[in-house]
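Have a look at the structure below, then the notes.
The values are calculated or read from the model by the stated rules, or taken from the named source; none is laboratory data. Since we're looking at a predicted model, the values are computed, not measured. Every residue, glycine as well, gets a Cβ built from its backbone with ideal geometry; the counts of neighbours run over all protein chains shown.
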Amino acid sequence: MPILAVNVDHIATLRQARLAQEPDPVTAAHMAEIAGARAIIVHLREDRRHIQDRDVALLRQLIKTRLHLEMAATKEMHRLALGIKPDMVCLVPEKRQELTTEGGLAVAGREKEIASFLEPLHAAGIGSSLFIDPDPAQIEAAKAAGTHYIEIHTGAYADAPTPQARQAELAKVLAGIRLGRELGLKVNLGHGLNYDNIWAFAKVEGVSEYSIGHSIISRAVLTGMNEAVSRMAAIVGSFPDPA
Ligand code: PXP
């Protein structure tokens, strides 16, 4: 059966908003594993806007499932990945100004460059994935680049403005899964998946992993409100009467 891989970047987003110690993505990762996550994903961005190097180092030591490191295909990240040895790296395009990863990696035309980036990682026992749009040319190029997995970008499906557009984007993702599998690739899905739109894949075969972050962290924050507020209200309520 497919696995759930939980991206804990936005726990770190909350921490970095105050440059504080909490909430700690490492603790969140541990809790996610207990709850059923079979892999933990972090994106170590060049600008370190959320996940920090310390987080990745601690996750590598502490998590018991699998550590997947999302990263840009840069020299710095290559060196870091070889040092950290995540179970898998997922190469993503990265732009400084973007709020989140905006599109898939352009692999077509760069197959040799990406293959030579991946080879030392594979030799070190690190698995690989390429985050790409559901575009046949990119999927074929990913195969030629020698990746183990592709992660098909589901953002266009998730963000489609109309039901018709959503159906059209879903059809592209489904065709992408089929093509990836026919080429012998393992296929993951990710970006923008939430508790509603994931149901479209309920009967879809051939998906190894669902990579989900924002919707899970958003729900965790809101479902935790009751406990968090009632605990603090009980503390404040136990203090002396102001009168
Ligand atoms: N997969 C990749 C490659 C991503 O860059 C992201 C976002 O960091 C995700 C999956 C998770 O997307 P979301 O946070 O929208 O669930």
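Some notes on this structure:
- Of all residues making up segment 47-66, the number that are surrounded by fewer than 21 Cβ atoms within 10 Å (Cβ to Cβ) and within 25 Å of residue 102 (Cβ to Cβ): 5
- Count of residues meeting criterion [assigned to a helix (DSSP H, G or I), free of Cβ contacts under 8 Å to residues at least 12 places away in the same chain and either of a type in the set (Lys, Arg) or crowded, with 17+ Cβ neighbours inside 10 Å (or both)] in segment 72-110: 2
- Test: residue in segment 221-237 that is buried (at least 18 other Cβ atoms within 10 Å of the Cβ), out of contact with any helix residue (DSSP H, G or I) (no Cβ under 8 Å at 6 or more places or on another chain) and without any contact (Cβ under 8 Å) to a residue 24 or more places away in the chain: no
- Scanning segment 60-71 for residues that are outside any helix (DSSP H, G or I) and without any contact (Cβ under 8 Å) to a residue 40 or more places away in the chain yields a count of 6.
- Residue identified as modelled with pLDDT of 95 or more, small (Gly, Ala, Ser) and more than 30 Å from residue 122 (Cβ to Cβ) among 160, 175, 156, 243: 160
- Test: residue in segment 193-211 that is of a type in the set (Val, Ile, Thr), within 12 Å of the ligand (Cβ to nearest atom), in contact with a helix residue (DSSP H, G or I) (Cβ under 6 Å, 6 or more places away or on another chain) and modelled with pLDDT of 95 or more: no
- Subset tally (residues that are in contact with a Ser or Thr (Cβ under 8 Å, 6 or more places away or on another chain) and within 13 Å of the ligand (Cβ to nearest atom)) for segment 38-69: 7
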